[in-house]
Structures are given as structure tokens and as C-alpha cells.
Amino acid sequence: MQKERALAILAVFAMLLAFGCAQAGNDGFQASPAPVVQNMTNSPVGNNTSTPQMLPNVSNGSCVANACEEAPIGGTNGSAQVVAPRMEMLSACKSDGWQTGTTYYLEKDIVFEKASGKAYCLEADAGGITIDCRGHSIKQDAAGSAWTGVFLANSTGWEIVNCTFEGFPTGIDAFGDSQGGLAIAGNRFSKCCNAMDIKNSANAIVENNTIAGCGLGGIVGGEPVSHGIRGYQLRASSISNNRVEATGDGIIIEHSSNSTVARNTVKGCMAGIKLYCGDGNTVSKNIVEGMRFGCINSAPKTAWCENEGNAIEGNEEKSCRQA
């Protein structure tokens, strides 16, 4: 009897000990929540709105001089640490000192001033950068001396989202993103010659942008000299869900391969979609309406231009004069 009573007491003690350990685990280390981007419109990144969005809320971060440095989240009891992304505020044009892995948020509209003597408002000297304008504008002053709003040369992994570009000859000029990662999403372009030039890029994504009134170059030699989106030597890239109105050429794809132009709306331009000297590209499910020089033009094969293996299908074409 005494032996059975002793075993019962030990069993109760073991249960109490296990309960205490469980409580200690629950009341001890608790990881802080991951950073959450909050905005006034509850719209996702790459979905431009006219209302500037609120800044992200970062737990366990250290914010000094308008910059949130990387900070560990959680403890070190054998579990991997999670690092909060670095964030920095941007309130003026910038041409150097970019930090790879940083998201730069515009805190106000940026106006490029002729007195700066530069050709670009934002110019890359590092890769792996995100520019989130939160609905703010990047534009020229009345003097108008800049060539480009954002110029990216051989810079991989740039993302430009939620910006409004106004008054530049070219809004975004991106060149040499051979390793991929370029994303241009949810932006607006107006009062320009060309909205975007994207050259020699792999796996680029251009989506959900709105372009209106970017036809200031006029017509030379019977051809428009301005455009909404131009892709040159793209590889495995996507141009989708964009809206282009009242510009020169809507969308141009040249010397590109295995890329997709899909679900775009092009209206009231000089020409709709042009496909030159490429192979394995797909142009599908676009709406093209009210063109002067044709809806969708694909150049014939020549000695210097293959233009083979492209698929043009399922597009809606209305009121387009033939080229």
C-alpha cells in the first residue's frame, strides 16, 4: 500500500513539473511579429493610388536619421534569427550611396531642378534596391533639363513601384539587368516622350502601369518617335496588365525571345503593339483600339531579322488603320 501511494505521489509531481515547463515556454521567449506594410488604401504593392500610403511598421527596429536599420527579431535559443529589412526615407534626387537590400520610401513629391546639373533624378550605383513612392510624384521643374526620371545601368534586382513620373523625356531607362529581378509595377507616366525603355534584361516584369499623354515626340519620316513601353533584347520577360493611351507607339518588343505581352489595353495611340525581330514570344489577350498605324504589327522575316516562332492570338482589335 505504501509503495502504491508513493508511486501516485511521484506521478502527480511529474504532471506538475511538465505543466510548469509548458507554462515557462509560453511565457518566456516570444518572437516579435514580422514587419507588416500598412497603407491608407489597403492596396497591394504595384497598385498605384493617388493617396500616399502610410509607412511600414517595423518591430524591434532601430530608426535613426530617417533610416530603419536591420535588427534581429526574436531570440537565440537555437532558432534562426529573422532580420527586419532595411528601410530609408527619400526626399530628393539621388545618384550614389545606394544600399543593397534597402527599400527607399518617398516621403514627399520629388522635383528635379535644372540647377543640379545632372541628367537623371535617380541613378543606380548598386543592385537589389526597391523604390516605393507610395503614390508620390517624381517630376521636372519648369526648366526641364533632365533626360530621365530613373536611370538603371547594369543594376540587377531593382523594383520601382507606386510612382508617378511627369515631364521627363523618358520616365524609366533600365539597361543591362542580365541576371534578372527588374520589376516596374503600379506606376503612372504622363507628359513625356517615352514612358519606359527596358534593354538587355532577363526575367523583367512590367505590370499594372498606366501611361497617358506620352507622345510628345511626334512623327518623323512617317513613324512615331515616342512610345509607352519599349523592350529591347528581353529574355523570358513579361509585360502585362498595363494601360497605354494617347502616346506614340503603345508597346514595342524588339530582338527579344520567350517573352510575353498579355492582357494590356492600348487605346488612341499612333500604333498599338509592334513585334520586331524576335522568336518564341507571345502576344495574347490584349485590347487594342483606335490606332492610326495599325493594331498589332509583326515584321516579316528578313536576312537580318528572324522574327519566327512568335504566337499572336486571342487579341481584340478595333478601329485600327493598317500600317
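Each value in this text was obtained by applying a stated rule to the coordinates, not by laboratory testing. All values reported here derive from a predicted model rather than from experimental measurement. No Cβ is skipped: glycine too gets one built from the backbone with ideal geometry, and neighbour counts run over all protein chains shown.
One table, with the values for the structure above:
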{"item": "Net charge, ILE131 excluded, C-beta distance under 11 Å - Lys, Arg +1, Asp, Glu -1", "result": "-1"}
{"item": "Selected from ASN258, THR164, ASN307, residue furthest toward positive end of dipole (the range 139-318; charges at beta carbon)", "result": "THR164"}
{"item": "Cα gyration tensor category, rounded, prolate or oblate, for the range 257-318 with a/c compared to 1.5", "result": "oblate"}
{"item": "Nitroxide proxy distance, nm - points 7 Å out along Cα→Cβ at ARG263 and ALA92", "result": "4.2"}
{"item": "LYS318/ASN241 FRET efficiency (R0 25 Å; Cβ-Cβ; nearest 0.05)", "result": "0.85"}
{"item": "Shape of the range 139-318, Cα gyration tensor, a/c cut at 1.5", "result": "oblate"}
{"item": "Peptides 123-131, 258-266 ordered by average Cβ neighbours within 10 Å, highest first", "result": "258-266, 123-131"}
{"item": "Order by protection proxy (mean Cβ within 10 Å, highest first), peptides 197-209, 308-320", "result": "197-209, 308-320"}
{"item": "Separation between Cα centres of the range 248-323 and the range 117-141, rounded to whole Å", "result": "30"}
{"item": "Neighbour-count ranking [beta-carbon atoms within 10 angstrom, fewest first] of SER226, SER256", "result": "SER226, SER256"}
